[in-house]
Amino acid sequence: MGLIQRLSRRNVMRNPRRTILTVFLIGSGLTALLFTDAFVKGMIETMINISTQTFLGHGQIHHPQYRASQDVDDYMNDVDSLYAQLDELSEVKAYSPRTITGAMVASSQNVASANVFGVVPEKEAQVSLLKEAVIQGRYLTESNQDILIGQEMADILEVGLGDRIVVTVSAAHGGELSQELFRVSGIFQFNDRQMDTYLAFIHLNKSQSMLNVSGVHEIAWVFQDLQQAEDTALPIWSLKRDYEILNWRQLVPQLNSVLEMSRYSTVIVSVILFCLVSLGLINSMFMSIYERQQEFGVLLALGTRPFQIFLQIVSEGAWIGLIAALFGLLVGSGLSYWFQIHGIDYGSLEYGSITLNDPIYLIIEWRAFLELAIAIFLMTVVACVYPAIHAARLLPSFAMRKTT
């Protein structure tokens with residue numbers, strides 16, 4: 001066995017150019033796999049953070065019929081007791097009550113449709129990025145006549161800071177129209193076209209007065225840790241049985257589907273690269289066997305067993321796989337680590353109804369990296385089995401005559 005190993009190590013560099021190219025091929029495939037794995041994990045993390053931290057929250061509470069009807073009459077009463085229960089839950093970091101209604105927003109220049117949210121400014125700032133998104137003016141202050149609108153809506157209405165706009169809504173319990181005059185206190189920009197065009201924010205007590213409601217349509221909250229949204233044993237999921245309590249995956253099922261599909265991308269890329277690398281390695285090993293047929297013929301004629309020839313070829317492939325795995329692991333880890341620090345900035349890219357307006361920072365999981373490196377090594381060993389069987393079955397007389 002020791003002799004076979006020495007011969008294998010020596011034969012690996014018998015043709016340095018071919019060996020280097022083969023190692024580069026396998027190592028590049030592993031580098032692509034490692035980068036893809038880290039990129040997909042980073043993209044998933046970015047999409048989740050953008051979706052949950054921007055405005056959605058980690059979970060929401062609604063009236064059982066509200067999400068289906070979007071009717072202002074389907075609001076939650078007795079919210080004070082609900083607030084008290086939320087305050088007692090240690091896993092809840094912050095929560096924000098909201099009223100939601102469709103509205104017509106009019107300026108002296110133009111008219112636009114909007115979804116108007118009534119919020120408590122201090123609580124909303126702890127759940128969403130609304131306060132950080134304000135690019136002009138100020139966040140909601142103590143004045144009930146303040147309103148925040150998006151940059152796109154401001155352009156449509158042709159208004160700026162301090163300008164007056166009229167908001168018209170349909171009140172609950174009868175649908176009577178209610179109008180109020182507001183002053184633009186701030187303009188926000190989420191870098192999401194839908195949010196910047198159709199959302200507006202006013203004070204919660206003002207919206208309740210306009211809508212003639214005493215409760216709220218939605219309570220969004222964030223956990224201490226996002227992973228807690230997957231823990232169905234937490235008390236928050238059973239606060240009140242007559243309300244609908246959902247986590248972010250249930251609130252945005254299309255996003256959840258996109259994330260599940262994204263996880264398969266690494267598998268798909270792995271299968272494709274494994275096939276390409278295997279074919280390249282098999283071709284390289286057959287070329288090596290063809291060049292050394294006379295040598296194999298002499299060894300077989302002198303009494304070398306076919307199984308020893310088989311082991312020698314497999315051992316050569318194992319050495320190539322080991323070198324390639326180390327090379328790919330080094331390059332792939334270095335490349336992934338660079339983008340883990342600096343990120344990949346797409347500017348503003350829409351993917352699966354989510355606007356990726358933040359850089360994607362790759363996520364390195366060393367266990368996954370080691371598993372992929374081991375998999376590529378094992379793949380090279382398995383790919384060498386067929387050429388090794390071919391070499392072991394050579395007839396001495398044919399092999400020596402073939403190359404003379």
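Brief remarks follow.
- No other residue among VAL298, VAL269, VAL314 is surrounded by 20 or more Cβ atoms within 10 Å (Cβ to Cβ) and in contact (Cβ under 8 Å) with a residue 40 or more places away in the chain apart from VAL314.
- Selected residue (only one of ASN205, ASN256, ASN247 is exposed (fewer than 15 other Cβ atoms within 10 Å of the Cβ) and modelled with pLDDT under 95): ASN205
- Some residue of the range 54-76 being surrounded by fewer than 17 Cβ atoms within 10 Å (Cβ to Cβ), touching a Ser or Thr at 6+ places or on another chain (Cβ under 8 Å) and not aromatic (Phe, Trp, Tyr): no
- The test for being surrounded by 16 or more Cβ atoms within 10 Å (Cβ to Cβ) and either of a type outside the set (S, T, N, Q) or within 32 Å of the chain's Cα centre (by Cα) (or both) holds for GLU218.
- Breaking point among (1) surrounded by 13 or more Cβ atoms within 10 Å (Cβ to Cβ); (2) more than 26 Å from ASN115 (Cα to Cα); (3) at pLDDT below 80, for ARG241: (1)
- Candidates GLU152, GLU132, GLU180, GLU142: the one that is over 22 Å from GLY215 (Cβ atoms) and surrounded by 17 or more Cβ atoms within 10 Å (Cβ to Cβ) is GLU152.
Conditions (1) over 24 Å from the mean Cα position of the chain (by Cα); (2) farther than 27 Å from MET285 by Cα; (3) of a type in the set (A, V, I, L, M, F, W, C), marked per residue:
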residue: SER8; (1), (2), (3): yes, no, no
residue: MET13; (1), (2), (3): yes, no, yes
residue: PHE35; (1), (2), (3): no, yes, yes
residue: ILE48; (1), (2), (3): no, yes, yes
residue: TYR66; (1), (2), (3): yes, yes, no
residue: THR99; (1), (2), (3): yes, yes, no
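- Residue within the range 150-165 that is of a type outside the set (A, V, I, L, M), closer than 26 Å to SER69 by Cα and in contact with a helix residue (DSSP H, G or I) (Cβ under 7 Å, 6 or more places away or on another chain) present: yes
- Residues in the range 130-148 that are among the polar types (S, T, N, Q) and out of contact with any Ser or Thr (no Cβ under 8 Å at 6 or more places or on another chain): GLN136, ASN144, GLN145.
- Residue under evaluation THR232, criteria (1) outside any helix (DSSP H, G or I); (2) polar (S, T, N, Q); (3) crowded, with 17+ Cβ neighbours inside 10 Å, criterion not met: (3)
- Residue list for the range 6-26, restricted to those being out of contact with any helix residue (DSSP H, G or I) (no Cβ under 8 Å at 6 or more places or on another chain) and among the aliphatic types (A, V, I, L, M): ILE20
- Within the range 272-295, the set of residues being surrounded by 14 or more Cβ atoms within 10 Å (Cβ to Cβ) and touching a Lys or Arg at 6+ places or on another chain (Cβ under 9 Å) comprises SER284, MET287, SER288, ARG292, GLN293, GLN294.
- Annotation note: of ALA125, ALA133, ALA171, ALA200, the sole residue that is under 23 Å from ALA220 (Cα atoms) and over 38 Å from the mean Cα position of the chain (by Cα) is ALA171.
- Test: PHE117 is modelled with pLDDT of 90 or more and within 30 Å of MET379 (Cα to Cα): no
The values are calculated or read from the model by the stated rules, or taken from the named source; none is laboratory data. No experiment lies behind these values; they were computed from the predicted model shown. Cβ: placed from backbone, ideal geometry, glycine included. Neighbour counts: every protein chain shown.
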